[in-house]
Amino acid sequence: MAPDSCVACLSRDSAKLHDAREMMFGLRDSFRYRECAACGALQLLEPPADASRYYPPQYYSLVTDEAPEQQSRVGAVLRRARGEVALRLPADVTARLVDRRRLRYFYRWLAGTGVRTSSSVCDVGSGQGGALLDMRREGFTDLTGIDPYVDRDQEPAPGVRILRREIDKLERRYDLIMFNHSFEHMPDPAGVLRTARRHLTGGGAIMIRIPVADSLAWREYGTDWAALDAPRHLHVHTHESMRALAERTELRIARTFRDSYALQFWGSEQYRRDIPLNDPRSWAVDPQRAVFTQAEIDEFERRSAELNRRGDGDSAGFVLRRARP
């Protein structure tokens, strides 16, 4: 593919160019993105030759999680029973229960996928497996995470394996393959989707959560938008670009949802004020020294929830299935 064509829809139409800084760690290196005139996807034009500079040991997904908590046998049985009920609910009911904190956050991702607690699940780009360990506490029993940046293969809890490998090295098929804010870090999204499709069981699904450019945050903040995250995010999609990718890879979008939160506001406001995410003045580091009050953060959360309801939040989920058997 020529570098002047869209990574998603392959359009060569003239596009806007945007220069964005690295602001998670405050390196402030500048990178240029191409905004597709056809589908709106953003694409990093010249990824860094050495990405390790931008994925230091303190990068959030590489930090080791605490040891999994011990569960009583009775507690484990009750959690699994609750999970089985939750997985059978309509997706809109599940979303409301998650919003009210009656169900754990990950049930929003799983709604409508058809998985059960015994289903095989693979989380691509899992880091140390925090989400999988949370799922295990709810009774899920067949969980695999893969990530080329973890230091070794490991089994942090019974039924949870974390493997140091890329997706093309998968050795089995899964009922659900998840990409939780990892898809945007991969240089060949169409190739990744084709590989994931090959590793699905007969009725399997792919669930992708990503930042999206068809959102208020991109329109309002532009290159100060925190979720642009140059240069780690190699491409930032829209609903239209994901539709084009699905069509090219013999998949279809079965369900979408928005799940943004307050970072789209306070993180972007910090970047606009030249305050990196890991700065001592950042809300993520020290709320006492941050430029926001708790009341302002609460308002950002309220606005984020409203944007999600309107389909305009800056993070979206896509459930994909085979276009044909």
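The values are calculated or read from the model by the stated rules, or taken from the named source; none is laboratory data. Only a predicted model underlies this, so the values are computations on that prediction, with no experimental measurement involved. Don't worry about glycine lacking a Cβ; one is built from the backbone with ideal geometry, like all the others, and counts go over all protein chains shown. With ligands, DNA and RNA removed, areas are computed over all heavy atoms of the protein, side chains included. Shrake-Rupley method; radii C 1.70, N 1.55, O 1.52, S 1.80 Å.
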In nm, to one decimal, how far is the residue 58 label point from the residue 274 one, both placed 7 Å along Cα→Cβ? 2.1
1/(1 + (r/R0)^6) with r = Cβ-Cβ of residue 16 and residue 166, R0 = 30 Å, i.e. FRET efficiency to nearest 0.05, evaluates to 0.40
How large, in percent, is the carbon and sulfur part of the accessible surface of the chain at a probe radius of 1.4 Å? 48
Cα convex hull volume per residue for the chain (Å³): 138
Net lengthening on full extension, residue 309/residue 284 (0.36 nm per residue, minus Cα-Cα): 6.5 nm
Fraction of alpha-carbon pairs over 17 Å apart in region 119-222 - percent: 53
Using a 1.4 angstrom probe, figure out how much accessible area the chain has per residue, in square angstrom, rounded to the nearest whole. 47
Given a Förster distance of 51 angstrom, what is the FRET efficiency for residue 295 paired with residue 188, based on the Cβ-Cβ distance and rounded to 0.05? 0.70
Between region 98-112 and region 250-317, how far is it from one alpha carbon centroid to the other, in angstrom? 19
Taking the DSSP beta bridges in the chain as the whole, what percent of them are antiparallel, to the nearest 5? 55
Suppose we flag GluC sites (Glu not before Pro) only when DSSP calls them loop and at most 10 other Cβ atoms lie within 10 Å. Which is the longest uninterrupted stretch of the chain? 172-325
What are the residues whose amide H is under 5 Å from the amide H of residue 165, where those residues sit 5 or more places off or on another chain and H is modelled from the backbone? 147
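Helix-only mean residue ellipticity at 222 nm, the chain, DSSP H runs n ≥ 4 weighted -39,500 (n - 2.57), per residue, nearest 500. What is it?
Estimated from H runs of four or more residues: -8000 deg cm²/dmol.
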Per-residue accessible area, 1.4 Å probe, largest first, puts 248, 12 in the order 12, 248
Total charge dipole magnitude, the chain, about the Cα centre, Cβ charges on Lys, Arg, Asp, Glu only, Debye to nearest 20: 1400
